[in-house]
1. Go through the range 160-235 and name the GluC sites (Glu not before Pro) that are in a DSSP coil and have 16 or fewer other Cβ atoms within 10 Å of their Cβ.
2. Set the Förster distance to 35 Å, then compute FRET efficiency between ALA270 and LYS192 from the Cβ-Cβ distance, nearest 0.05.
3. Using 7 Å Cα-to-Cβ label points, what is the PHE233/LYS111 separation (nm, one decimal)?
4. For ARG72 and SER263, calculate 0.36 nm times their separation in residues minus their Cα-Cα distance, and state this gained length in nm to one decimal.
5. When the dipole is taken about the Cα centre of the range 108-249, and only Lys, Arg (+1) and Asp, Glu (-1) are charged at their Cβ, what size is it in debye, to the nearest 20?
6. What translational D, rounded to a whole number of µm²/s, comes out for the chain from Stokes-Einstein when the hydrodynamic radius is the Kirkwood one over Cα pairs, at 37 °C and 0.692 mPa s?
7. Out of residues 5 or more away from GLU165 or on other chains, whose amide H comes under 5 Å of its own, with H placed 1.01 Å from N in the peptide plane?
8. Please report, in debye to the nearest 20, how large the charge dipole of the range 35-159 is about its Cα centre when each Lys and Arg carries +1 at its beta carbon and each Asp and Glu carries -1 there.
Amino acid sequence: MKAVTLLLSLTFTLLLAGCKKKKTPNPAAEPDQSSFASASVINQRLGRGINLGDTYEASWAPREADPADFQRIAASGFKHVRIPVRWEMTSRSSYTAPYTIQPAFLLSVKKAVDAALKNKLHVIINMHHHDSLFKNPDGLKPMFLAQWKQIASYFKQYSDSLLFEVLNEPHDQLDAPKWNQFFADALSEIRKTNPKRTVLLGVAEWGGVSALSRLVIPSDTHLILTIHYYNPFTFTHQGAEWVSGSNAWLGTKWNDTEYDRESVVNDFLAVLRIQQEENIPVHIGEFG
């Protein structure tokens, strides 16, 4: 989802810690992730971040990231960058088995990751705008899992400063019960080559808080729960051209009433309950 304003990423805890020295990956070697930090520590290290939008996830004019972007991001005080990636385009990945991701595209994403890490940024790469999967999840599940198998293997030698986010904003036919199984299966593929890499778990129904009560969190100590927050929606998306009827919301104001504030507080109380009950760190991956 695009936002009216620049999308920022923010962890609940803004404690900052130094990044580990990066090593040049050796794809042929078996990964040694024994020294990887816990998800909780990495969530603290993430600090404030920014989404690199309209780049690898854009279908209208996809382009490569400019290495200078990461210099500017780091110089502006951000500690991590989220790089949304649309893997499903026919120019990037085959729709037939074995669903091969084009090596040139993997290399392009790798260059962006390397540039971000060079600037001491943590990096989140995800699967973004997998529209075919949302419409036909059962039919596209083999492709979804095969893509994650390839992505995970390709980046397995990277430090724990690189994080995977399995899927941005599951919705449509990929409903809450189905998403629970899809995430578990994708995580299983990732863990074959990345046993301790931190993985971000999103929520069904567009990634917000509405489906939190139906989310099943796997027993895995290297997970971060990621939430997107755009409430009240008619306020944050007034005039957004990608949302039908949003022009009718133009002029919507935040009145700062007790009801307005309680609504937001109650949303995050639900998030905090999950955090405490499941002992899982929480990250706000998008908000507006």
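1. Numbers: sites: GLU165, GLU189, GLU205; in loops: GLU205.
Taking the range 160-235 and a limit of 16 other Cβ atoms within 10 Å, no loop GluC sites (Glu not before Pro) are found.
2. Numbers: r = 33 Å, r/R0 = 0.95.
The pair ALA270/LYS192 has a calculated efficiency of 0.60.
3. My value for the distance between the label points is 3.9 nm.
4. On the way: separation 191, 0.36 × 191 = 68.76 nm, distance 3.58 nm.
This chain segment gains 65.2 nm when fully extended.
5. Numbers: 14 positive and 13 negative charges, 139 e Å.
Taking the Cα centre of the range 108-249 as origin, the dipole is about 660 debye.
6. On the way: Rh = 19.5 Å.
For the chosen part, D equals 168 µm²/s.
7. ILE125, ASN126, MET127, LEU200
8. Details: 16 positive and 9 negative charges, 85 e Å.
Value, rounded to 20: 400 debye.
The values are calculated or read from the model by the stated rules, or taken from the named source; none is laboratory data. This structure is a prediction, so every number in the text was calculated from the model and none was measured. Ideal geometry is used to build each Cβ from the backbone, glycine not excepted, and the neighbour counts take in all protein chains shown. Remember, those area values only see protein heavy atoms, side chains included, never the ligands or the DNA or RNA. Shrake-Rupley method; radii C 1.70, N 1.55, O 1.52, S 1.80 Å.
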